[in-house]
Amino acid sequence: MSMDEANRNENLDPVAAIRSNWGWFVLLGIALMIAGAIAIILPALSAIAAERILGTVLCLGGLVQVIQASKVANWLGFAWHLLLGLFATIGGALIYIDSLFAVVAITILISAIFAILGVSQIAFALKVRRMAAWHWFLVSGGIALVVSALLLMKLPYSHSFTPATIAGISLLFTGWAYVAIALASKETTR
C-alpha cells in the first residue's frame, strides 16, 4: 500500500480523524456544554424569551461545529459534521429572527432539529463504535430523540421549564459526548 493510499484510508476513518483532531472535538464539546448550560439557566433567571435564547445558542453552537468541521475537511464525516453545523445555525437563526412564528411552528421546528441531531448522533455512534467512548453519542442521540418527542407532546411549560431548558439538556449531553470521545481517542494515541 502506498503512502497516499494509507493517508486516504486514514482520512475516511472517523476514528483516525477524531484522534488527529481531538483538541478541536474537545473545544466543540465544551462550546456545546456551555450553550446547553446557558439554555437551561438563562430562561429560568430572566424574562428573556426562551426561544430567543435557544435560537442564539443553536446559532453559536452550529457556527462552532462548522468551524470544527473545517478542521477535518479530508475526513468522510466532514459532510455530516458540516451539515449538522449548518442545520443548527440556520435553524437557530430562524427561531431567533422570526418571532411572528406561531408557538406551534417554533416547537415543531425545534423538535425537527433535535430529531435530526438524534438520528445523526446515533448513526455516528455506530460508525465509531470501536472507540472507547462511542456509547456517549448513542446516549446523546437517544436524549435528543426524547427531547424531540417531549417538545412535540407540548408538555405544560412554566417559566423555569421551557423548550430551551429541555433542549439545553440535550446540548449538554452532546457536548459531553464530543469531549468524552475526544479524550478517549487522545488516550489511545499514547
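What follows draws every value from the coordinates through simple rules; no lab data is involved. Just so it is clear, the structure is predicted and the values come from calculations on it, not from any experiment. We place every Cβ from the backbone using ideal geometry, glycine too, and count neighbours over all the protein chains shown.
Here are the numbers for this structure:
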read-out: Rough spin-label spacing in nm, given labels placed 7 Å along Cα→Cβ, for residue 86 and residue 63; value: 1.8 nm
read-out: Order by protection proxy (mean Cβ within 10 Å, highest first), peptides 27-35, 78-86; value: 27-35, 78-86
read-out: Sequence of 57, 15 once ranked by neighbouring C-beta atoms within 10 Å, starting from the fewest; value: 15, 57
read-out: Cβ-Cβ FRET estimate between residue 186 and residue 30, R0 fixed at 22 Å, reported to 0.05; value: 0.95
